[in-house]
1. For residues that are within 16 Å of the ligand (Cβ to nearest atom), touching a helix residue (DSSP H, G or I) at 6+ places or on another chain (Cβ under 7 Å) and at negative phi, tally how many sit in the stretch 61-92.
2. Could you list all residues from the stretch 201-224 that are out of contact with any helix residue (DSSP H, G or I) (no Cβ under 8 Å at 6 or more places or on another chain) and among the aliphatic types (A, V, I, L, M)?
3. For the stretch 101-110, give me each residue that is in contact with a helix residue (DSSP H, G or I) (Cβ under 8 Å, 6 or more places away or on another chain) and either part of a helix (DSSP H, G or I) or more than 16 Å from K209 (Cα to Cα) (or both).
4. Among the numbered criteria (1) at pLDDT below 95; (2) closer than 30 Å to L98 by Cβ; (3) surrounded by 14 or more Cβ atoms within 10 Å (Cβ to Cβ), which one does V23 miss?
5. With respect to A135, is the statement that it is touching a residue at least 40 places away in the same chain (Cβ under 8 Å), open to solvent by less than 50 Å² (accessible area, probe 1.4 Å), out of contact with any Cys (no Cβ under 7 Å at 6 or more places or on another chain) and part of a helix (DSSP H, G or I) true?
6. Across the stretch 48-80, what is the total count of residues that are open to solvent by 50 Å² or more (accessible area, probe 1.4 Å) and of a type in the set (G, A, S)?
7. Taking the stretch 166-212, which residues are at positive phi and charged (D, E, K, R)?
8. Across the stretch 118-130, which residue is most open to solvent (accessible area, probe 1.4 Å) among those that are within 9 Å of the ligand (Cβ to nearest atom) and touching an Asp or Glu at 6+ places or on another chain (Cβ under 9 Å)?
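The values are calculated or read from the model by the stated rules, or taken from the named source; none is laboratory data. On a predicted model such as this, the values are computed, not experimentally measured, just so you know. No Cβ is skipped: glycine too gets one built from the backbone with ideal geometry, and neighbour counts run over all protein chains shown. With ligands, DNA and RNA removed, areas are computed over all heavy atoms of the protein, side chains included. Shrake-Rupley method; radii C 1.70, N 1.55, O 1.52, S 1.80 Å.
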Amino acid sequence: MDPVRLRYLQAMGIQAWVLRQPVGEADSNAAPADEDELWRRLLDEIAHCTACDLHQTRTHTVPGTGDHHADWMLIGEGPGEQEDLKGEPFVGRAGKLLDEMIRALGYRREQVYITNAVKCRPPGNRDPKPEEVAACEPFLQRQIALVRPRIILAVGRIAAQALLRTKVPLARLRGKVHDYDGIPLIVIYHPAYLLRNPAAKRQAWEDLKFAWRVYQQRLQEADG
Ligand code: SF4
């Protein structure tokens with residue numbers, strides 16, 4: 001790993017996730033793997049994971065998609081039916097609306113990284129249980145350590161509450177800068193909610209503008 005990335009990881013307080021042998025890796029004497037190899041191992045482990053009951057009912061795991069070096073990382077709660085069938089996060093109508101929200105930020109889907117708190121579909125589209133989120137979190141942490149985003153968007157109440165380990169309602173989580181392992185985290189509405197409640201789109205736009213300002217501030221701090 002090059003020194004700049006190493007310093008960045010250290011500054012973010014997340015070096016242990018990358019420099020240490022990743023969770024589940026057996027050979028502690030092996031030479032440090034390059035980033036592509038770390039991604040390959042991570043995706044392979046997710047594909048074969050049986051760490052929680054959700055593996056029993058999944059069709060496909062849904063690890064995530066997008067730019068492995070994105071500044072923006074979007075994290076939803078978990079795959080739904082169509083995501084489970086395709087193995088991709090945020091497909092269907094909600095996915096299209098999320099694409100529009102990403103475009104409002106000035107990006108295409110492939111320029112950000114999109115994933116979920118759990119990588120397997122909760123049956124019947126129920127909310128993931130806290131123990132399922134906890135079982136899957138090491139994968140999310142490894143993804144974050146590899147992508148090194150400058151900002152995280154928690155997409156929807158369930159994802160926000162799971163990531164922030166809180167029961168505070170979404171209305172009180174919006175419009176604030178939270179912290180996820182040293183990275184600013186902003187809570188936004190889930191596009192499925194916005195499809196059911198189009199009147200909330202105005203607030204959703206405010207959330208995106210707020211996130212953009214936080215991102216710009218982060219860039220300036222990095223430059224300074
Ligand atoms: Fe493993 Fe996560 Fe799937 Fe549970 S949800 S089986 S922890 S990959």
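1. The total comes to 9.
2. Taking the stretch 201-224 first, the residues out of contact with any helix residue (DSSP H, G or I) (no Cβ under 8 Å at 6 or more places or on another chain) are 202-203, 206-207, 209-224.
Across the stretch 201-224, the qualifying residues are A211, V214, L219, A222.
3. Scanning the stretch 101-110 gives M101, I102, A104, R108, R109.
4. (3)
5. Details: touching a residue at least 40 places away in the same chain (Cβ under 8 Å): yes; open to solvent by less than 50 Å² (accessible area, probe 1.4 Å): yes; out of contact with any Cys (no Cβ under 7 Å at 6 or more places or on another chain): no; part of a helix (DSSP H, G or I): yes.
So A135 fails the test.
6. The first filter runs over the stretch 48-80 and keeps only residues open to solvent by 50 Å² or more (accessible area, probe 1.4 Å), leaving 48, 50-51, 53, 55-60, 67-69.
With the extra rule that they be of a type in the set (G, A, S), the set shrinks to 51.
Residues in the stretch 48-80 being open to solvent by 50 Å² or more (accessible area, probe 1.4 Å) and of a type in the set (G, A, S): 1 in total.
7. Within the stretch 166-212, just D181 meets the criteria.
8. Initial filter on the stretch 118-130 (within 9 Å of the ligand (Cβ to nearest atom)): 118-122, 128.
Now drop any that are not touching an Asp or Glu at 6+ places or on another chain (Cβ under 9 Å), which leaves 118, 120-122, 128.
On the way: V118: 1, C120: 15, R121: 49, P122: 3, P128: 18 Å².
For the stretch 118-130, the residue satisfying everything is R121.
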